[in-house]
Amino acid sequence: MPPQRSGLRPARKTLPFVPYEDWVPGQSYEEHPPVCMLYIMEWKLTLNKRTAAKQTEDNLVVAPSDFWNEELASKVTDIVQSTGKSYKADATTIAISVNDRSERDITKHFKELQIDWPVVEKQLQGWSHLLRIGKTLRVNVSFNYMENGKTARTSGRGATAIQLAERDTRLDTEQVVSGTPDAWRQVYTVLRYLEPPCDRGPYCWQDSDSKKHYKLMGHHLRNLVKSVQQGCKLERHNDVP
């Protein structure tokens with residue numbers, strides 16, 4: 001007769017995140033037993049260490065990196081730019097927790113917006129077995145921006161410097177470090193700075209035959225970053241596999 005398994009802890013089978021393209025915001029994903037990851041994200045934006053915005057995102061099932069790429073990055077950018085001042089990302093702090101006394105909170109600090117999302121996602125999935133006994137996973141994210149002192153004092157001819165600083169702010173906010181910053185910046189440069197400007201969004205790919213532009217989503221960009229890290233050439237749109 002096989003030994004009985006203790007009912008205190010469930011089997012440690014990792015649950016998957018829902019692919020972003022399959023996610024339906026507002027739809028309930030609470031099932032018993034659960035079939036996918038489910039967590040709450042609470043994020044806060046501070047400007048010069050003063051709270052500018054905060055919000056709770058309930059019942060998230062997509063990977064945090066996807067949510068950042070496709071949803072949160074643009075929200076943060078809009079809030080920063082709405083101030084009319086020039087700010088630069090200073091630091092990001094992420095705390096991962098579960099309401100289980102046997103597990104300690106995990107806190108990670110990142111420079112600017114150089115967030116190692118795979119580390120966050122691995123920790124969440126490491127606790128996914130606790131969802132089966134009704135536990136709740138939380139991700140608390142704090143973004144801090146500091147005002148750019150040089151551009152804050154400029155006027156007249158300094159307008160160009162302010163615009164460049166704002167461009168850097170957008171770059172920092174939209175940059176999702178799926179790999180090394182160099183690989184990301186290479187992908188960003190090739191697929192963003194187009195002449196004339198493209199109306200398909202911040203990133204797009206142009207078909208060399210039809211000349212049509214196609215919008216690129218966050219998961220497309222991450223795949224390209226991985227290709228660059230693996231040694232693939234990406235110097236122009238024709239190099240996109």
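When the range 82-107 is filtered for residues that are in contact with a strand residue (DSSP E or B) (Cβ under 8 Å, 6 or more places away or on another chain) and either in a helix (DSSP H, G or I) or among the hydrophobic types (A, V, I, L, M, F, W, C) (or both), the ones remaining, listed by number, are ALA89, ALA91, ILE94, ALA95, ILE96, VAL98, ILE106.
Considering only the range 60-108, state which residues are polar (S, T, N, Q) and under 23 Å from TRP184 (Cβ atoms).
Those that are polar (S, T, N, Q) and under 23 Å from TRP184 (Cβ atoms): SER65, ASN69, SER74, THR77, GLN81, SER86, THR92, THR93.
Restricting to the range 108-130, what's the tally of residues that are part of a loop (DSSP other than H, G, I, E, B) and buried (at least 19 other Cβ atoms within 10 Å of the Cβ)? Within the range 108-130, residues that are part of a loop (DSSP other than H, G, I, E, B) and buried (at least 19 other Cβ atoms within 10 Å of the Cβ) number 3. Applying the criterion of being buried (at least 16 other Cβ atoms within 10 Å of the Cβ), within 30 Å of LYS85 (Cβ to Cβ) and not polar (S, T, N, Q) to the residues of the range 131-146, the residue that is farthest from the chain's Cα centre (by Cα) is TYR145. Among the criteria (1) assigned by TED's automatic domain parsing to the domain that holds GLN81; (2) surrounded by fewer than 16 Cβ atoms within 10 Å (Cβ to Cβ); (3) over 17 Å from the mean Cα position of the chain (by Cα); (4) farther than 24 Å from HIS219 by Cβ, the one GLY26 does not fulfil is (4).
The values are calculated or read from the model by the stated rules, or taken from the named source; none is laboratory data. What you are looking at is a predicted structure, and each value in this text was computed from that prediction instead of being measured. Quick reminder, even Gly has a Cβ in these numbers, built from the backbone with ideal geometry, and neighbours come from all protein chains shown.
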